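Heads up, the thing below is written out as structure tokens.
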Amino acid sequence: MFELIPFDRHARSVAAFDPFRELDELERSFFGNGRNVSSFRTDVIDTGDAYKLEAELPGFKKDDIQIDVENDVLTISAKRSEEKKDEKHNVVKRERFYGSFSRSFDVSGINVDGIEAAYTDGVLTLTMPKKQELLPISRRLEIK
């Protein structure tokens with residue numbers, strides 16, 4: 001049974017005593033340790049005339065993901081509910097997170113009417129075309 005518990009590479013033995021370990025653990029618990037439960041990882045790529053946003057959302061169904069645009073803010077949110085309760089308390093270790101996850105992005109330079117979304121293999125891909133730059137119109141007036 002204990003061979004199913006994941007190996008913790010960062011576990012320290014008594015022989016490798018670190019007097020600052022408690023301070024490091026306090027800092028990680030206060031500022032976070034890089035695993036933000038309420039968010040997910042994204043990549044934004046400039047393709048020239050558009051931006052491509054790829055968000056990792058593994059294990060979600062397409063119906064559990066919502067994309068909203070309001071006041072030049074694009075919000076991607078996803079909700080995962082716990083599948084079933086373990087009434088017999090057989091769970092040895094639980095590392096998967098359940099609940100709501102969301103990220104917001106400024107889309108003030110984006111043509112929001114042209115945004116396209118696709119979800120394949122746990123990756124949400126948004127293609128967001130850039131707004132066309134309006135060049136100032138200049139003209140010379142003739143004096144009469």
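Brief remarks on what is shown
- Per-peptide average of other Cβ atoms within 10 Å, ordering 89-95, 66-72 highest first: 66-72, 89-95
- Protection proxy ranking, peptides 42-51, 131-140, average beta carbon neighbours within 10 Å, highest first: 42-51, 131-140
- Expressed as a whole percent, the accessible surface of segment 103-144 that belongs to carbon and sulfur atoms is 50, based on a 1.4 Å probe.
- Calculated FRET value between Lys62 and Glu133, using beta carbons and R₀ = 30 Å, to 0.05: 0.30
- Under 17 Å from Lys79, Cα to Cα: lysines that are on another chain or at least 8 residues apart: Lys61, Lys62
The values are calculated or read from the model by the stated rules, or taken from the named source; none is laboratory data. These numbers were taken from a predicted model, which means no experiment stands behind them. Using ideal geometry, Cβ is built from the backbone for each residue, glycine included, and neighbour counts are taken over all protein chains shown. Each accessible area value is taken on the protein alone, full model and side chains, heavy atoms only, with ligands, DNA and RNA left out. Shrake-Rupley method; radii C 1.70, N 1.55, O 1.52, S 1.80 Å.
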